[in-house]
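*Asks:* First the structure, which I've put down as structure tokens, then a few questions once you've had a look.
The values are calculated or read from the model by the stated rules, or taken from the named source; none is laboratory data. Small disclaimer: the values here were computed from a predicted structure and weren't measured. Reconstructed Cβ throughout: ideal geometry from the backbone, glycine too, with neighbour counts over all protein chains shown.
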Amino acid sequence: MIGNRITHRTADGVRIPGTWRHAFIRNGGQYFLTDLFIYADGLIDCWGLVTVAEFEEKLRTGWVATSFPEGGEASAHELADWKFGEPESWITPELLVAEVRDTIDELNGRPDSTDRCLAAVDVFLADRTEENREAARAAFLAVPEPQRRFALGDMDRKDWPLRVLVAGPGGRTYLEFDGTVTQEKYDGALAYFEERARWNTQRASHVPADGPVTPHASAIQLNHSYAGKRVADPGKLGLRHDYPAPITVADTAYPSVAHAYWALSVAEPESRHTIAAAENAPAARTLAAGLPRREDWEHVRTAVMTYLLRAKYDQHPELAEVLLATDDATVIYDDMNSAFWGDNSGQGRNWSGRLLELVRSELRMRGAGIFDV
């Protein structure tokens, strides 16, 4: 359904998440292969935003096409033109609408038709009345047919246990080749779900050998700032590279990590003292930007920053405690001047955040006495 196809649109300043799938739009008698965008607020972009009800009308009139005539003219914009030869479609208007409705549910974190089906099956397995079986069968058949095969997430059995279970002994599934469900087949389906329940219970209580996958602490954001002077209790502001926490590296004193970084970035050693004496970090950056850069700077800059951050937190134990207090949180560092160092609303690479997490890990390792470093 959604997978990695993630997009969004902005409405009234609000980000509306969405996804897309390929589709054909018929316009002027020609069929155009395009992307159908589906958004969490229930709007679908099929060359214009429409509601689900309006989308159904687009399908009814053939604007969004699910069947194609022999010899019909087709186009993929700026890619190719062709004519259909022996066209065959695997989707109907009903299936496409059902898929769109499921996708909107998924985008909103609501149970989709597969989730509702499995919930109904659980109710039947807990109380095996014919009424509950019929409800489970109806919920199963409400799942778009292409998705039914994968409802259990079992690539070997596909949906065989489901369709047999909801059909019941003496019943028939939606697939003709299954034939009549025998008691033996039905018992096999029951055994499958009993085993599946045991596996789900074990999976729910399973603890990874190396601990949880995600941080247990909430992410922290270090917003872009212009730290002018030291304060008694800087808090997270003290984790910014431009915070005035003087460091000494290679017998040279710098007012901040940012001063040192920009001084070391230039090719002429005699210019570094001028940059180190800059009034503040932005001034240091401006001075460095006007001077020739080291030829290898893009290759060594992350190593240099790592070295400088280690120096900062070694030479300022009080700031090391602030960093350690972030626990295992993801550090999101904003830097409006650099998409390399900053996260910048998800548009940057966040190298500053990554290196702060690395140095934090080294500080924690040292504190735990794991290695003598």
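*Asks:* Which condition does residue 180 not pass, out of (1) among the polar types (S, T, N, Q); (2) closer than 30 Å to residue 319 by Cα; (3) in contact with a strand residue (DSSP E or B) (Cβ under 7 Å, 6 or more places away or on another chain), if it passes all the others?
*Replies:* Evaluating residue 180 over (1) among the polar types (S, T, N, Q); (2) closer than 30 Å to residue 319 by Cα; (3) in contact with a strand residue (DSSP E or B) (Cβ under 7 Å, 6 or more places away or on another chain) leaves (2) as the failure.
*Asks:* In addition: If I go through segment 246-257 residue by residue, how many of them are small (Gly, Ala, Ser) and surrounded by fewer than 23 Cβ atoms within 10 Å (Cβ to Cβ)?
*Replies:* Let us first name the residues in segment 246-257 that are small (Gly, Ala, Ser), namely 250, 253, 256.
Next cut, surrounded by fewer than 23 Cβ atoms within 10 Å (Cβ to Cβ) only: 250, 253.
Result for segment 246-257: 2.
*Asks:* Please enumerate the residues belonging to segment 342-361 that are of a type in the set (A, V, I, L, M, F, W, C) and in contact with a strand residue (DSSP E or B) (Cβ under 7 Å, 6 or more places away or on another chain).
*Replies:* If the condition is that a residue be of a type in the set (A, V, I, L, M, F, W, C) and in contact with a strand residue (DSSP E or B) (Cβ under 7 Å, 6 or more places away or on another chain), then 356 is the only one that fits.
*Asks:* Given the criteria aliphatic (A, V, I, L, M) and either more than 20 Å from residue 224 (Cα to Cα) or surrounded by 18 or more Cβ atoms within 10 Å (Cβ to Cβ) (or both), does residue 289 qualify?
*Replies:* The answer is no for residue 289.
*Asks:* Whether any residue in segment 22-36 is within 18 Å of residue 147 (Cβ to Cβ) and surrounded by 12 or more Cβ atoms within 10 Å (Cβ to Cβ) is what I want to check. Explain how you work it out, then say what you get.
*Replies:* Initial filter on segment 22-36 (within 18 Å of residue 147 (Cβ to Cβ)): 22-23, 36.
Then drop every residue that is not surrounded by 12 or more Cβ atoms within 10 Å (Cβ to Cβ), which leaves 23, 36.
Among the residues of segment 22-36, at least one is within 18 Å of residue 147 (Cβ to Cβ) and surrounded by 12 or more Cβ atoms within 10 Å (Cβ to Cβ), which makes the answer yes.
*Asks:* Follow-up. Scan segment 324-335 and report the pairs whose first residue is among the acidic types (Asp, Glu) and whose second residue is not in a loop (DSSP other than H, G, I, E, B), with Cβ atoms within less than 8 Å and a gap of 6+ or a chain change.
*Replies:* Here the result reads 334/221; 334/222; 335/352, each pair linking segment 324-335 to a residue that is not in a loop (DSSP other than H, G, I, E, B).
*Asks:* Which count do you get for residues in segment 244-267 that are modelled with pLDDT of 95 or more and either in a loop (DSSP other than H, G, I, E, B) or of a type in the set (D, E, K, R) (or both)?
*Replies:* Total meeting the criteria: 6.
*Asks:* Before we move on, is residue 19 under 27 Å from the mean Cα position of the chain (by Cα), polar (S, T, N, Q), crowded, with 18+ Cβ neighbours inside 10 Å and not assigned by TED's automatic domain parsing to the domain that holds residue 346?
*Replies:* On the way: under 27 Å from the mean Cα position of the chain (by Cα): yes; polar (S, T, N, Q): yes; crowded, with 18+ Cβ neighbours inside 10 Å: yes; not assigned by TED's automatic domain parsing to the domain that holds residue 346: yes.
Judged against the criteria, residue 19 is a match.
Results for (1) within 19 Å of residue 195 (Cβ to Cβ); (2) at pLDDT below 95; (3) not hydrophobic (A, V, I, L, M, F, W, C); (4) not assigned by TED's automatic domain parsing to the domain that holds residue 194, shown as yes or no for each residue.
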{"residue": "129", "(1), (2), (3), (4)": "no, no, yes, no"}
{"residue": "137", "(1), (2), (3), (4)": "no, no, yes, no"}
{"residue": "142", "(1), (2), (3), (4)": "no, yes, no, no"}
{"residue": "154", "(1), (2), (3), (4)": "yes, yes, yes, no"}
{"residue": "157", "(1), (2), (3), (4)": "yes, yes, yes, no"}
{"residue": "161", "(1), (2), (3), (4)": "yes, no, yes, no"}
{"residue": "166", "(1), (2), (3), (4)": "yes, no, no, no"}
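*Asks:* Given the condition in contact with a Gly (Cβ under 7 Å, 6 or more places away or on another chain) and in contact (Cβ under 8 Å) with a residue 12 or more places away in the chain, answer yes or no: does some residue in segment 135-150 qualify?
*Replies:* no
*Asks:* Pull up segment 219-234, narrow it to residues that are exposed (fewer than 10 other Cβ atoms within 10 Å of the Cβ) and not aliphatic (A, V, I, L, M), then point me to the one that is nearest to residue 285 (Cα to Cα).
*Replies:* 226
*Asks:* Here is a list of conditions, (1) over 16 Å from residue 338 (Cβ atoms); (2) part of a loop (DSSP other than H, G, I, E, B); (3) in the same structural domain as residue 354 (by TED's automatic domain parsing), and residue 241 meets all of them except one; can you say which number that is?
*Replies:* Unmet for residue 241, out of (1) over 16 Å from residue 338 (Cβ atoms); (2) part of a loop (DSSP other than H, G, I, E, B); (3) in the same structural domain as residue 354 (by TED's automatic domain parsing): (1).
*Asks:* Please work out which residue is surrounded by the most Cβ atoms within 10 Å (Cβ to Cβ), limiting yourself to segment 94-134 and to residues that are touching a residue at least 60 places away in the same chain (Cβ under 8 Å) and more than 27 Å from residue 21 (Cα to Cα).
*Replies:* In this case the residue turns out to be 121.
*Asks:* If you don't mind, there's one more thing I want to ask. Output the qualifying pairs, or none if there are none: Cβ atoms under 9 angstrom, residues six or more apart or on different chains, first residue in segment 235-254 and among the charged types (D, E, K, R), second residue assigned to a loop (DSSP other than H, G, I, E, B) and buried (at least 21 other Cβ atoms within 10 Å of the Cβ).
*Replies:* 240/256; 242/256
*Asks:* Between 342, 353, 348, which is within 16 Å of residue 257 (Cβ to Cβ) and not in a helix (DSSP H, G or I)?
*Replies:* Working: 353 fails: not in a helix (DSSP H, G or I); 348 fails: within 16 Å of residue 257 (Cβ to Cβ).
Just a single option satisfies the conditions, and that option is 342.
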